Amino acid sequence: MWAGLYPNFRIRKVILSNFRNISYAEVELPDGKNEDLIKGKPSILGLYGQNGSGKSSLLIAIKALQKALMGWTFEYDEFASCIRSGCEYAKLDFELSAVMNEEYYFDIFYSFCMRIEDKKIRIFDEVLQYAEHSQNSKKANKQIIIDTSDVACKTSGKAFGNKTKYMQFAENREGIDEKFYEAKKRAIDKSASFIFCSDTTSLLYSSKLEPYYTIIRGLEEYGAAGLFVVLMHETTSDTMTLAFWDKLPLDEGIYGDKFILNYGGNCELLETDYKMVESIIPKISSVMGAIIPGMSIEIDDLGMFDQDGNTVVPEYDEEWEVYEVDEWSTYHRFNLVSIRDGVRIPLMDESEGIRRLVSFMSFIIAAYNDPSVTVAIDEIDSGLFEYLLGELLEIMKESAKGQLIFTSHNLRPLEVLPRRNLLFTTSNPKKRFSKLEGISGNNNLRDCYFKQIMHGSAVDGYYNSTDTTGIKKALSDAGPKYRNWKSIHES
């Protein structure tokens with residue numbers, strides 16, 4: 001993060017239990033340890049498998065982590081289907097590395113469960129733990145910061161356990177027990193994390209206990225400014241999602257967001273958001289120009305308007321010698337334009353591959369430059385020329401600082417990434433992800449994957465084999481019944 005205020009974070013392990021179509025799965029992310037962060041290594045993981053096999057489940061779990069850390073609502077329509085059919089609840093466990101400097105870092109352990117109650121998602125059994133490493137500590141013991149499980153709450157007799165930590169946070173403040181219980185109730189009503197909801201964090205932060213303050217506040221900042229998930233369903237035939245990340249002046253920190261831009265119409269954003277677009281588009285344009293020589297992206301500024309559509313004219317501030325508007329009530333109207341060989345066309349009229357690249361390029365820039373950024377992209381290969389995809393991943397593998405997780409159907413990455421950077425879905429719901437085993441360094445990973453699919457040599461099976469004869473019959477049975485043209489002609 002910025003100015004060393006909080007640790008650099010990286011996900012190193014995710015455990016999914018009864019999540020979507022997965023009974024149980026453990027995913028260890030390569031180069032996710034504290035030592036890897038300290039050495040400046042990138043962490044890259046590609047997920048492969050047949051359609052509907054669970055590749056996107058890891059990305060959706062990471063999105064759930066972001067929502068929890070931000071204290072956001074777990075919407076019923078989005079997460080009800082994440083609880084495996086026939087199961088009472090789903091559970092997610094995350095292990096993260098958190099580095100302050102070479103001599104001081106943490107292991108972070110965060111887990112929570114989700115279930116359905118009265119057509120709402122209920123987050124429960126949240127547990128946040130840590131282990132502290134320093135130059136003076138020989139052994140790091142895992143310690144509980146907050147445990148909201150029923151057992152812990154009954155033992156402590158408070159809104160959360162353990163009791164010792166609770167009393168440290170409470171500091172004998174008058175009415176603090178009621179305030180924590182009220183925060184817990186509001187988190188339940190909101191379908192949000194109790195630990196990271198704003199009512200709870202305001203109570204926790206006031207004590208400024210270390211290292212708990214640094215860990216909790218740092219995780220909150222990581223969720224806001226370092227953790228980004230780009231899912232395919234967020235882009236439709238009528239819209240394009242543009243993802244933005246940028247470092248703003250120090251007092252404003254780091255900022256990331258996703259804006260939905262409409263096809264065929266003007267884009268409108270609050271002036272405060274437009275400033276983000278204005279700052280990052282030249283950077284995206286610079287990278288796009290390196291990828292596709294002669295191409296650039298520009299903003300067509302169509303002016304500022306108030307909520308009623310009236311034109312807003314900036315007022316001149318003589319003291320500061322700048323033109324100003326109210327950024328929270330003024331809207332900026334604009335279009336994004338693609339320029340190649342002097343020809344300008346709306347970005348929305350570009351090819352699917354170009355739009356796809358532009359849509360997530362800001363996050364690729366972030367993961368390339370910042371060790372505390374994790375970017376997860378669903379179907380990164382969609383619309384991209386496979387050789388270009390391979391080049392981008394090779395560049396990330398060799399020179400990036402952050403973490404990139406992606407799913408793909410294109411097999412080109414199997415030829416450019418080491419085996420340790422790839423996971424494959426299996427047909428076993430109790431072991432959904434697996435590495436290709438028994439392969440020497442000289443073998444072509446792409447060919448080996450095809451062979452294991454065709455011959456079914458993997459113990460857990462990488463592919464539910466299809467019956468081509470059965471497919472032919474199904475296609476024939478589903479089609480209309482035509483009379484034989486030859487018999488018609490002869491008659």
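Structural remarks
- Residue match in the stretch 68-78 (condition: assigned to a strand (DSSP E or B), over 23 Å from SER434 (Cα atoms) and of a type outside the set (Gly, Ala, Ser)): no
- Output for the stretch 300-358, where each listed residue is at pLDDT 90 or above and surrounded by fewer than 10 Cβ atoms within 10 Å (Cβ to Cβ): VAL343
Every residue, every condition in (1) under 17 Å from ALA98 (Cβ atoms); (2) without any contact (Cβ under 8 Å) to a residue 40 or more places away in the chain; (3) touching a Gly at 6+ places or on another chain (Cβ under 6 Å); (4) surrounded by 18 or more Cβ atoms within 10 Å (Cβ to Cβ), yes or no:
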residue: LYS154; (1), (2), (3), (4): no, yes, no, no
residue: LYS165; (1), (2), (3), (4): no, no, no, yes
residue: GLU178; (1), (2), (3), (4): no, yes, no, no
residue: ASP189; (1), (2), (3), (4): no, yes, no, no
residue: CYS197; (1), (2), (3), (4): no, no, yes, yes
residue: TYR213; (1), (2), (3), (4): yes, yes, no, no
residue: GLU220; (1), (2), (3), (4): yes, no, no, yes
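- Check on SER85, in the same structural domain as PHE19 (by TED's automatic domain parsing), outside any loop (DSSP other than H, G, I, E, B) and of a type in the set (S, T, N, Q): no
- Of all residues in the stretch 279-288, none satisfies being surrounded by 17 or more Cβ atoms within 10 Å (Cβ to Cβ), touching a helix residue (DSSP H, G or I) at 6+ places or on another chain (Cβ under 7 Å) and of a type in the set (Gly, Ala, Ser).
- Helices (runs of 4 or more DSSP H) fully within the stretch 136-200 counting 3 or more residues that are closer than 19 Å to LEU92 by Cβ: 176-190
- Number of positions in the stretch 1-49 that are part of a loop (DSSP other than H, G, I, E, B) and within 21 Å of ALA131 (Cα to Cα): 9
Conditions tested, residue by residue: (1) among the aliphatic types (A, V, I, L, M); (2) touching a strand residue (DSSP E or B) at 6+ places or on another chain (Cβ under 6 Å); (3) not in a helix (DSSP H, G or I).
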position	(1), (2), (3)
ILE345	yes, yes, yes
ARG355	no, yes, no
VAL358	yes, no, no
ILE365	yes, no, no
PRO371	no, yes, yes
LEU392	yes, no, no
LYS397	no, yes, no
HIS409	no, no, yes
PRO413	no, yes, no
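- In the stretch 376-400, the residues that are touching a residue at least 60 places away in the same chain (Cβ under 8 Å) and over 23 Å from LYS63 (Cα atoms) form Cβ pairs under 9 Å with partners that are small (Gly, Ala, Ser) and part of a helix (DSSP H, G or I), at six or more places apart or across chains, as follows: LEU388/GLY353.
- Residue among LYS67, LYS39, LYS63, LYS55 that is among the basic types (Lys, Arg), under 18 Å from TYR24 (Cβ atoms) and assigned by TED's automatic domain parsing to the domain that holds ARG115: LYS55
Condition check ((1) surrounded by fewer than 20 Cβ atoms within 10 Å (Cβ to Cβ); (2) touching a Phe, Trp or Tyr at 6+ places or on another chain (Cβ under 7 Å); (3) among the basic types (Lys, Arg); (4) free of Cβ contacts under 8 Å to residues at least 12 places away in the same chain) across all residues:
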site	(1), (2), (3), (4)
ILE22	no, no, no, no
GLU35	yes, no, no, yes
LYS41	yes, no, yes, yes
TYR48	no, yes, no, no
PHE79	no, no, no, no
ASP93	yes, no, no, no
TYR105	no, no, no, no
LYS120	yes, yes, yes, no
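- Residue that is nearest to SER338 (Cα to Cα) [pool: residues in the stretch 359-389 that are crowded, with 20+ Cβ neighbours inside 10 Å and among the hydroxyl-bearing types (Ser, Thr, Tyr)]: SER359
The values are calculated or read from the model by the stated rules, or taken from the named source; none is laboratory data. No experiment lies behind these values; they were computed from the predicted model shown. Heads up, the Cβs are rebuilt from the backbone with ideal geometry, glycines too, and the neighbour counts pull from every protein chain shown.
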